[in-house]
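Report on the following structure.
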Amino acid sequence: MRDTRESRLLLVLLIAVAFALITVDIRGGEDSPVDGARRAAATVFGPIEDGVSTAVDPIGNAISAVRASGSRHDRLAALEKENAELKASLGSGDRNRSRVRQLDKMLKSAADGQYGIKGAEVIAIGAAQGFSWTVTIDIGTNDGITRDMTVLNGDGLVGRVTTVGPNTATVLLANDPDFTVGTRMEATDELGFASGQGDRPLRVELLNGKAKVKAGDRLVTFGSQADKPFVPGVPVGVVSRVDPSGGDLTRTIYVKPYVAFTQLDIIGVVVKPPRKDPRDTVLPDKPKPTPRPTVTVTVTPGANQPGDGADGQQEQ
């Protein structure tokens, strides 16, 4: 297109329309008037993203080995078998070994929490559905995925499913400013709501304004009614800062999430909630404090010092 006055006006108009649609979409939430268009976009462009990912990364198909977790009673044994098969499929190489470690960690977390999960790969970042912090994964309705399912990895809470196509789905990450999840403090059971802040720590409003909390305390998801969009017990993060209590009805704390949202690769979508709340069992073991060495100083009397009972003078 030639750079003319008409072309510049058209460009400005298109940008204005785009911003208007994004604003309407964000304010509309789940009842957004463009939700239908968003699902249509996932249906049309999802297979393209999935195909590109498969062409670039041929070993990605091996992730299907953990797509089904089996029954509750046989879940751990099935996951162990599938994990062994996946390791054999992935072979060697630094990247593959890293992905196997991610799978090992995720499967252990799923077993600890008794979550039935379907494994998936992240195939795109920031899908054009109006959100700031999203990823696209390579499973969809054909794999039993529906909207408002919890997404996790071996470290903790990744986000929730927002849009689903036949073969792909969009995940809203927990650090997105539009993301909110109920939380529960380890040990004290204090409840709150965590909100994303992009690349900054999560902001958590505790319902008890006088709650005793300190840096290093840990949080998990509280869970939602009927386990959607969030199942209970998924690790969220560690308290990094506490605002001074000013007598308000709530108390604000800041939490460093367990998940590195810019390094996502292998994730799991929870398709079966746990039979009972796993509480704090999915949290990682606390690091043991490093003992400080004790130094004992012993003073040895010098040769020119008088002995016991001597005054240092020679008898006459």
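The values are calculated or read from the model by the stated rules, or taken from the named source; none is laboratory data. For clarity, every value in this text was computed on a predicted model and none was experimentally measured. Glycine gets a Cβ as well: all are built from the backbone with ideal geometry, and neighbour counts include every protein chain shown. Ligands, DNA and RNA are stripped out before the accessible areas are found, and what is left, the full protein with its side chains, is counted by its heavy atoms. Shrake-Rupley method; radii C 1.70, N 1.55, O 1.52, S 1.80 Å.
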### Query
Regarding VAL161, is this residue open to solvent by less than 10 Å² (accessible area, probe 1.4 Å), in a loop (DSSP other than H, G, I, E, B) and within 22 Å of GLY119 (Cβ to Cβ)?
no
### Residue among GLY216, GLY246 that is free of Cβ contacts under 8 Å to residues at least 24 places away in the same chain, open to solvent by 60 Å² or more (accessible area, probe 1.4 Å), out of contact with any Ser or Thr (no Cβ under 7 Å at 6 or more places or on another chain) and not charged (D, E, K, R)
GLY246
## Note on the structure
If we ask which residues in segment 252-277 are part of a strand (DSSP E or B) and either open to solvent by less than 40 Å² (accessible area, probe 1.4 Å) or among the acidic types (Asp, Glu) (or both), their number turns out to be 10
### Query
All but one of (1) under 18 Å from THR281 (Cα atoms); (2) in a loop (DSSP other than H, G, I, E, B) hold for ILE139; which doesn't?
(1)
### Task
Specify the residue that is nearest to LEU173 (Cα to Cα); the eligible residues are those in segment 219-243 that are without any contact (Cβ under 8 Å) to a residue 24 or more places away in the chain and hydrophobic (A, V, I, L, M, F, W, C).
VAL238
### Task
Quick one: count up the residues across segment 225-241 that are more than 13 Å from the chain's Cα centre (by Cα), over 14 Å from ARG275 (Cα atoms) and open to solvent by less than 40 Å² (accessible area, probe 1.4 Å).
2
### Message
Can you tell me how many residues within segment 185-208 are open to solvent by less than 10 Å² (accessible area, probe 1.4 Å) and more than 30 Å from ILE139 (Cα to Cα)?
### Response
4
### Query
Pick from segment 203-251 the residues that are of a type in the set (S, T, N, Q) and assigned to a strand (DSSP E or B): which of them is farthest from ASP155 (Cα to Cα)?
SER240
